[in-house]
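> So that we are looking at the same thing, I have put the structure below in structure tokens.
The values are calculated or read from the model by the stated rules, or taken from the named source; none is laboratory data. Bear in mind the structure is a predicted one, so any value in this text is a computation, not a measurement. In this analysis, Cβ positions are derived from the backbone assuming ideal geometry, glycine residues included, and neighbour counts consider all displayed protein chains.
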Amino acid sequence: MKLNPKIKSVLIFCLKLVVTLVPAYFVYQNIVSDPEWSVNDLYKLFENNSVLPLVLALLCLAVSNFTACYQWKLLLEKQGVHMTYGKLLKLYHVGLFFNNFMPGNVGGDAKKVYDIRMQGGQDTVGAGFTATVFDRLFGLFFITLFALAVGVLFFVHDPEQRAFMWPSVWIFMGFCVMCRMAGKVLPEKIETRLLRMFERFQKFRSKKLWVNIICLSTVTQSLRIFVHFFCGIAVGVTLSMSWYFYYIPLVAIVSALPISIGGFGPREFLAQSLFARAGVPGLESVVIQLLAYFVSLILSLFGAVVFLMGQKPVTSTPEQTNGHPGARP
């Protein structure tokens with residue numbers, strides 16, 4: 001029996017609400033269960049000068065958005081979609097706004113695909129979908145490699161920390177298996193769309209493009225890890241950068257999954273569990289994540305302004321649609 005779409009959406013939202021609230025409850029309990037816990041502890045975190053580190057965190061995230069948007073632009077151009085960087089930057093921030101303010105973390109991606117279609121014409125739908133999906137998957141894949149590389153460099157000889165390399169290994173293997181087996185285990189309708197998308201991925205087989213996106217991804221992901229580092233400094237946490245490069249990728253992967261509302265709950269629970277092994281108190285580890293999210297919210301407000309001002313669709317040019325007749329996701 002097929003569920004009514006409205007009932008299905010309500011059930012999915014309720015499930016996400018449970019996945020959000022249950023870990024959040026355990027996070028709260030871990031903090032208040034400390035016999036010395038006091039609300040004043042929260043105020044003490046900000047007694048020191050926290051403004052400069054937060055400004056640096058804001059700058060790091062802003063620059064990372066510029067580099068990430070440029071990577072998205074390169075992927076679109078490889079498929080024949082040519083739009084100005086300024087216009088794409090606006091669309092990118094609108095996507096960030098939707099990612100931050102809609103349940104789950106994929107609403108912004110859908111909005112970017114829609115905006116590419118509105119700005120570039122009907123024939124750019126497939127290109128926008130492919131570039132956005134590839135950009136998201138490659139970002140998760142690359143940050144997983146980040147965690148593995150840092151684990152090998154700094155933590156492979158520590159038996160307690162070495163265990164955290166396994167999630168990255170399994171995620172890495174999962175990406176490989178997904179690319180090889182997706183078409184064999186999914187329903188035919190989804191399989192057809194995936195095969196069509198993988199065919200468009202072939203357009204990215206360019207040495208120059210890969211060098212560019214690897215360099216851009218390195219800068220983007222490093223800057224986003226620096227955001228958490230500076231948020232840690234803002235609340236008085238003096239922890240080596242290597243810990244952030246090891247733990248934050250794992251937290252980022254969990255946050256990116258559309259299983260909770262805005263990534264809340266699982267993100268804080270995992271961060272609290274991981275950073276406790278580095279000697280960071282539960283309250284500080286949670287506040288670091290909330291501050292990083294707050295910085296993201298501030299920057300995404302630019303996307304809110306662009307969205308409220310509206311975007312007028314433009315007629316696609318032959319250059320935009322060359323080689324993409326009737327392309328669809």
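> Between a residue in the range 86-105 that is modelled with pLDDT under 80 and any residue that is part of a loop (DSSP other than H, G, I, E, B) and buried (at least 22 other Cβ atoms within 10 Å of the Cβ), which pairs come within a Cβ distance under 7 Å, given they are 6 or more apart or on different chains?
From the range 86-105, the pairs are N105/G263.
> Now for a separate question. Restricting attention to the range 253-261, does a residue exist that is touching a residue at least 40 places away in the same chain (Cβ under 8 Å), in contact with a Lys or Arg (Cβ under 6 Å, 6 or more places away or on another chain) and part of a helix (DSSP H, G or I)?
yes
> May I ask you to list the residues in the range 262-293 that are over 17 Å from Q29 (Cα atoms), in a loop (DSSP other than H, G, I, E, B) and aliphatic (A, V, I, L, M)?
A278
> If I filter the range 67-75 for residues that are under 15 Å from G128 (Cα atoms), among the polar types (S, T, N, Q) and modelled with pLDDT of 90 or more, do I get at least one hit?
There is at least one residue in the range 67-75 that is under 15 Å from G128 (Cα atoms), among the polar types (S, T, N, Q) and modelled with pLDDT of 90 or more.
> Residues that are surrounded by fewer than 20 Cβ atoms within 10 Å (Cβ to Cβ) and at pLDDT 90 or above: does the range 219-231 have at least one?
Yes.
> Do you know which residues across the range 106-118 are assigned to a helix (DSSP H, G or I), modelled with pLDDT under 75 and among the aliphatic types (A, V, I, L, M)?
The answer is none; no residue qualifies.
> Oh, and also: Here is a list of conditions, (1) buried (at least 18 other Cβ atoms within 10 Å of the Cβ); (2) touching a residue at least 60 places away in the same chain (Cβ under 8 Å); (3) closer than 25 Å to A24 by Cα, and G303 meets all of them except one; can you say which number that is?
For G303, the failing item is (3).
> Also, I was wondering about something else. Could you tell me whether K207 is in contact (Cβ under 8 Å) with a residue 24 or more places away in the chain and either more than 18 Å from A149 (Cα to Cα) or surrounded by 17 or more Cβ atoms within 10 Å (Cβ to Cβ) (or both)?
Spelling it out, it is not the case that K207 is in contact (Cβ under 8 Å) with a residue 24 or more places away in the chain and either more than 18 Å from A149 (Cα to Cα) or surrounded by 17 or more Cβ atoms within 10 Å (Cβ to Cβ) (or both).
> Also: Working only within the range 48-61, note down all residues that are closer than 26 Å to L91 by Cβ and touching a helix residue (DSSP H, G or I) at 6+ places or on another chain (Cβ under 6 Å).
Matches in the range 48-61: A57, L58, C60, L61.
> Just checking, which of L11, L56 is modelled with pLDDT of 80 or more and within 18 Å of F294 (Cβ to Cβ)?
So the residue among L11, L56 that is modelled with pLDDT of 80 or more and within 18 Å of F294 (Cβ to Cβ) is L56.
> Let me ask you something else. The conditions are (1) touching a residue at least 12 places away in the same chain (Cβ under 8 Å); (2) surrounded by fewer than 19 Cβ atoms within 10 Å (Cβ to Cβ), and S240 fails exactly one of them. Which is it?
Of the numbered conditions (1) touching a residue at least 12 places away in the same chain (Cβ under 8 Å); (2) surrounded by fewer than 19 Cβ atoms within 10 Å (Cβ to Cβ), the odd one out for S240 is (1).
> Just for the range 213-243: of the residues that are of a type in the set (S, T, Y) and not in a helix (DSSP H, G or I), which one is farthest from F134 (Cα to Cα)?
T238
> Further question on the same structure: Kindly indicate whether V152 is surrounded by fewer than 21 Cβ atoms within 10 Å (Cβ to Cβ), more than 14 Å from the chain's Cα centre (by Cα), modelled with pLDDT of 80 or more and not small (G, A, S).
yes
Listed here are the residues, each with its yes/no results for (1) of a type outside the set (G, A, S); (2) in contact with a strand residue (DSSP E or B) (Cβ under 6 Å, 6 or more places away or on another chain); (3) modelled with pLDDT under 60.
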| site | (1), (2), (3) |
| --- | --- |
| F172 | yes, no, no |
| L186 | yes, no, yes |
| S206 | no, no, no |
| W210 | yes, no, no |
| L216 | yes, no, no |
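> Criterion first (touching a helix residue (DSSP H, G or I) at 6+ places or on another chain (Cβ under 7 Å), modelled with pLDDT under 90 and farther than 29 Å from K90 by Cα) does V235 satisfy it?
Judged against the criteria, V235 is a match.
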